[in-house]
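The values are calculated or read from the model by the stated rules, or taken from the named source; none is laboratory data. Being a predicted model, the structure only gives us computed values, none of them experimental. Here Cβ is always computed from backbone atoms with ideal geometry, including for glycine, and neighbour counts include all displayed protein chains.
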């Protein structure tokens, strides 16, 4: 195991800037998620760490050792790819043992490491099979096992679950979380799926356009988004955004949009933004059908079993609220939403107003 430090990293492909001066640390034993939309640069960062690409500027330190001029093998990291990258013509056992044979590890030690990894991943019964005889989930376990036998300083995962169906992804998420608990290895995991990020990560590094938007725990990212990008990217269903301005009336700070006036409570920080254009964010769980300041025309009720999502049309905006599973109303009816005013987020010029 080792820690990772990335300092002022930059990378361009031709005239296209892919990574723009990013820095972050991953302590030893942490499960860190690199999250962001497709094309944001997160996989490039992973490839730079692995040594598969060379940065233009900046430093990468593994176990406090600068590795820029080291080959991928010399960096002692293991990468699990989206495509599994298994050798199709040899057995599972041989796939697991391949890197150890290249290093001329004694056969007895190879057997021991392969069996330990297979037992850890529950693939002992598959050792004699070839990859074409395995399901997608089994192939992914083999790909992870091939990394485990190497006992690397860092585990690097590049969207390893994206080829699996939804049910299997859920299962494999649990298995990866359990694996980390057992190994306590340093893991860097790339994904565009915020559910994976929120359930697996001890820390999330959120990217957009080659720039880090926010670093924090899953809870911090959800409850205190640093900007509008984080607020809209984290959370499913997405946060509701309303445009308006702040109005001061006696001891109250009110948010006024074209359709609503909502009491935010007294906060000295908000007073500084009186009369300025403000975006207010409300998570769907902070809204529920009942008596409240927000009214709109019911468009749709989406029943999800344990709860329901309620879609309202309010002027030019759509608002999503959560309701009990037995909530029933006819589309087209005007309904009101009760609001938990303690769960409001305010943004000015795209950045969070700390309240």
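One table, with the values for the structure above:
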quantity	calculated
Yes/no for residue 129 being touching a residue at least 24 places away in the same chain (Cβ under 8 Å), in contact with a strand residue (DSSP E or B) (Cβ under 6 Å, 6 or more places away or on another chain) and farther than 26 Å from residue 41 by Cα	no
Test: residue 46 is crowded, with 17+ Cβ neighbours inside 10 Å, at pLDDT 95 or above and assigned to a helix (DSSP H, G or I)	yes
Number of the condition not met by residue 151 [criteria: (1) under 15 Å from the mean Cα position of the chain (by Cα); (2) surrounded by fewer than 17 Cβ atoms within 10 Å (Cβ to Cβ)]	(1)
Unmet criterion (only one of (1) more than 13 Å from residue 188 (Cβ to Cβ); (2) free of Cβ contacts under 8 Å to residues at least 60 places away in the same chain) for residue 48	(1)
Residue ranges of strands (runs of 3 or more DSSP E) in segment 156-270 with at least 2 members in contact with a strand residue (DSSP E or B) (Cβ under 9 Å, 6 or more places away or on another chain) and surrounded by fewer than 19 Cβ atoms within 10 Å (Cβ to Cβ)	211-216, 240-249, 252-256, 261-263
Residue pairs meeting the criteria (Cβ under 8 Å; at least 6 apart or on separate chains; first farther than 15 Å from residue 42 by Cα, in segment 8-29; second surrounded by 15 or more Cβ atoms within 10 Å (Cβ to Cβ) and at pLDDT below 95)	28/1; 28/2; 29/1; 29/185
Residue ID - surrounded by the most Cβ atoms within 10 Å (Cβ to Cβ), chosen from residues in segment 96-116 that are touching a helix residue (DSSP H, G or I) at 6+ places or on another chain (Cβ under 6 Å) and within 27 Å of residue 43 (Cα to Cα)	96
Candidate set: segment 316-345, residues that are surrounded by fewer than 12 Cβ atoms within 10 Å (Cβ to Cβ) and at pLDDT below 90; chosen: the one nearest to the chain's Cα centre (by Cα)	342
The one condition in (1) in a strand (DSSP E or B); (2) surrounded by fewer than 21 Cβ atoms within 10 Å (Cβ to Cβ) that residue 11 fails to fulfil	(2)
All positions within segment 1-43 that are farther than 19 Å from residue 230 by Cβ and under 16 Å from the mean Cα position of the chain (by Cα)	26, 30, 31, 43
Which listed residue, of 38, 23, is closer than 16 Å to residue 205 by Cα and assigned to a loop (DSSP other than H, G, I, E, B)	38
Test for residue 90: is it part of a strand (DSSP E or B) and either assigned by TED's automatic domain parsing to the domain that holds residue 159 or at pLDDT 95 or above (or both)	no
Qualifying position, being crowded, with 16+ Cβ neighbours inside 10 Å and under 30 Å from residue 165 (Cα atoms), among 82, 55	82
Selection status of residue 133, more than 30 Å from residue 7 (Cβ to Cβ) and surrounded by fewer than 20 Cβ atoms within 10 Å (Cβ to Cβ)	yes
